[in-house]
1. How many residues does the stretch 1-15 hold that are more than 17 Å from residue 106 (Cβ to Cβ) and either in contact with a strand residue (DSSP E or B) (Cβ under 9 Å, 6 or more places away or on another chain) or in contact (Cβ under 8 Å) with a residue 24 or more places away in the chain (or both)?
2. So which residues in the stretch 83-101 are buried (at least 16 other Cβ atoms within 10 Å of the Cβ) and more than 25 Å from residue 56 (Cα to Cα)?
3. Looking at 93, 74, 102 in this structure, which one is outside any loop (DSSP other than H, G, I, E, B) and in contact with a Lys or Arg (Cβ under 8 Å, 6 or more places away or on another chain)?
4. Taking residue 105 as meeting all but one of (1) without any contact (Cβ under 8 Å) to a residue 60 or more places away in the chain; (2) surrounded by 14 or more Cβ atoms within 10 Å (Cβ to Cβ), write down the number of the exception.
5. All but one of (1) out of contact with any Phe, Trp or Tyr (no Cβ under 9 Å at 6 or more places or on another chain); (2) at pLDDT 70 or above hold for residue 131; which doesn't?
6. Would you be able to tell me the number of residues in the stretch 26-75 that are surrounded by 14 or more Cβ atoms within 10 Å (Cβ to Cβ), modelled with pLDDT under 95 and either of a type in the set (Phe, Trp, Tyr) or touching a helix residue (DSSP H, G or I) at 6+ places or on another chain (Cβ under 9 Å) (or both)?
7. If you go through the stretch 8-22, how many residues are assigned to a loop (DSSP other than H, G, I, E, B) and either in contact with a Gly (Cβ under 6 Å, 6 or more places away or on another chain) or at pLDDT 95 or above (or both)?
8. Kindly indicate the residue of the stretch 89-128 that is modelled with pLDDT of 80 or more and basic (Lys, Arg) and also nearest to residue 29 (Cα to Cα) among those meeting that condition.
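The values are calculated or read from the model by the stated rules, or taken from the named source; none is laboratory data. Keep in mind the model is a prediction, meaning the values are calculated, not measured. Using ideal geometry, Cβ is built from the backbone for each residue, glycine included, and neighbour counts are taken over all protein chains shown.
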Amino acid sequence: MDKLHQPTLSSQELETYHQQGYVRLGKVAPKLEIEALCQRINDIMLGKIRYDNMLMQLCPSAGKLDLSKKTREFKEASLKYRKIQDLEQDPLFLNYIQKPLFRDITKKVLGENISIFRAMFFNKPAEQGVTINWHQDGAGGWNLSIPPKITIWTALDPTCISNGCLQIIPGSH
């Protein structure tokens with residue numbers, strides 16, 4: 001069983017981040033916490049829990065192109081949402097986002113004064129979904145006064161090459 005990452009970033013991990021543009025943290029939350037986040041995102045997708053002004057986008061593969069535009073509203077009960085943003089509105093996700101490890105990372109890289117641009121769920125429905133071409137987050141179109149500096153990405157489901165996991169080109173970010 002993988003050991004949980006300590007609540008601080010090591011000096012070697014920080015050096016790797018600066019050299020490669022990323023660092024793999026490994027396991028940052030216990031299984032029960034990840035399961036709770038999975039259940040919560042399912043409850044949000046199914047409309048059991050709703051938040052005003054949460055950006056939601058159904059995957060075009062759901063077959064409802066009229067509902068696949070990003071809007072700030074719940075569209076229908078479906079596990080085929082492609083994106084859900086503004087997860088900091090949810091107390092469970094907010095607690096996860098505020099983990100001491102994540103705060104330590106941002107403090108070591110950016111300093112004390114930081115803000116979150118978006119807390120988002122990105123879904124690739126099984127046997128469906130859409131292809132996402134190679135890109136660099138924050139490369140344009142985000143209307144920010146400064147480019148984003150850090151992305152902290154967590155896989156809620158097991159990932160591997162065959163199911164289309166995130167790929168990174170070392171040194172590109």
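1. Final tally of qualifying residues: 3.
2. 101
3. Of 93, 74, 102, the one residue that is outside any loop (DSSP other than H, G, I, E, B) and in contact with a Lys or Arg (Cβ under 8 Å, 6 or more places away or on another chain) is 93.
4. Single failed check for residue 105: (1).
5. Exception for residue 131: condition (2).
6. Selection size over the stretch 26-75: 8.
7. Counting residues in the stretch 8-22 that are assigned to a loop (DSSP other than H, G, I, E, B) and either in contact with a Gly (Cβ under 6 Å, 6 or more places away or on another chain) or at pLDDT 95 or above (or both) gives 4.
8. 99
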